[in-house]
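The values are calculated or read from the model by the stated rules, or taken from the named source; none is laboratory data. All figures in this text were calculated on a predicted structure; none of them were measured in a lab. No Cβ is skipped: glycine too gets one built from the backbone with ideal geometry, and neighbour counts run over all protein chains shown.
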Amino acid sequence: MAILASRRPVMTLFSNAVCPQSHRVRLVLAEKGIGVDVVEVGDGTFTEDLVELNPYGSVPTLVDRDLVLYNTQIIMEYLDDRYPHPPLMPVDPVERARTKLYVYRMERDWYSLLDCFVAEDEAKADQARKIIRDGLTVIAPIFEQKPFFMSDELTLADYTLLPLLWRLPVYGVELPAAAKPVLDYGARLFARTAFKRSLSGSERDLRSIPA
């Protein structure tokens, strides 16, 4: 059991050490300095406590007193609402809705493909690699216009994209030279203290950590 931050833990997070969805939540916790007990759940294993709390037995699952949440985006938004500093969603309702739409598209277009990399179907894995590579290459120019993803401020959209970017070498996704702005963006945000603190030991082993 580990504590992600220095504040006294009031929450429990059931998390998988290499799961990108779990990583998204750990990023928000690290950014806000929220104390949490992390219970690591291995691939294909379901602890009795987790099954009792979550009918799907899935991770991430967040327990905050009597509240149990087990959808990644709902958990992230809940943490941002409960611990509003620093904010990770725009105050303006239009920009807020746009940010939610960016997150939805990343989940639908890219996160939905990640199971292809653990299945024994290389054709599907190759197709997934192409979709992710081409998608990131097409949007690369936007990373030269703003310091964060479509925003002047860090948002939950960044903390949805970063776990995917961190894992690109593991997935076998090689970005072309045209996507250099994406790689530069990733390297800059990987160097942030909160990102480093969010990493599990297994995630640290996936690639070199920027100084």
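Some values worked out for this structure:
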item: Residue 175 being outside any helix (DSSP H, G or I) and not hydroxyl-bearing (Ser, Thr, Tyr); result: yes
item: Residue check, residue 93 touching an Asp or Glu at 6+ places or on another chain (Cβ under 9 Å) and either of a type in the set (Gly, Ala, Ser) or on the phi < 0 side of the Ramachandran plot (or both); result: no
item: All positions within region 186-201 that are under 15 Å from the mean Cα position of the chain (by Cα), assigned to a helix (DSSP H, G or I) and closer than 22 Å to residue 114 by Cβ; result: 186, 189, 190, 195, 198
item: Only one of 137, 99 that is among the hydroxyl-bearing types (Ser, Thr, Tyr) and touching a helix residue (DSSP H, G or I) at 6+ places or on another chain (Cβ under 6 Å); result: 137
item: Region 79-90 residues that are farther than 20 Å from residue 149 by Cβ, paired with ones that are of a type outside the set (Asp, Glu) and surrounded by 17 or more Cβ atoms within 10 Å (Cβ to Cβ) (beta carbon under 8 Å, 6 or more apart); result: 83/32; 83/34; 85/32
item: Subset of region 56-109 (residues that are among the hydrophobic types (A, V, I, L, M, F, W, C), over 24 Å from residue 136 (Cβ atoms) and not in a strand (DSSP E or B)); result: 59, 74, 75, 79, 91, 94
item: Residue within region 67-74 that is in contact with a Pro (Cβ under 7 Å, 6 or more places away or on another chain), at pLDDT 95 or above and crowded, with 19+ Cβ neighbours inside 10 Å present; result: yes
item: Residue, surrounded by the most Cβ atoms within 10 Å (Cβ to Cβ), within region 1-36, restricted to residues that are of a type in the set (D, E, K, R) and modelled with pLDDT of 95 or more; result: 26
item: Residue list for region 50-66, filter: surrounded by 14 or more Cβ atoms within 10 Å (Cβ to Cβ) and without any contact (Cβ under 8 Å) to a residue 12 or more places away in the chain; result: 57
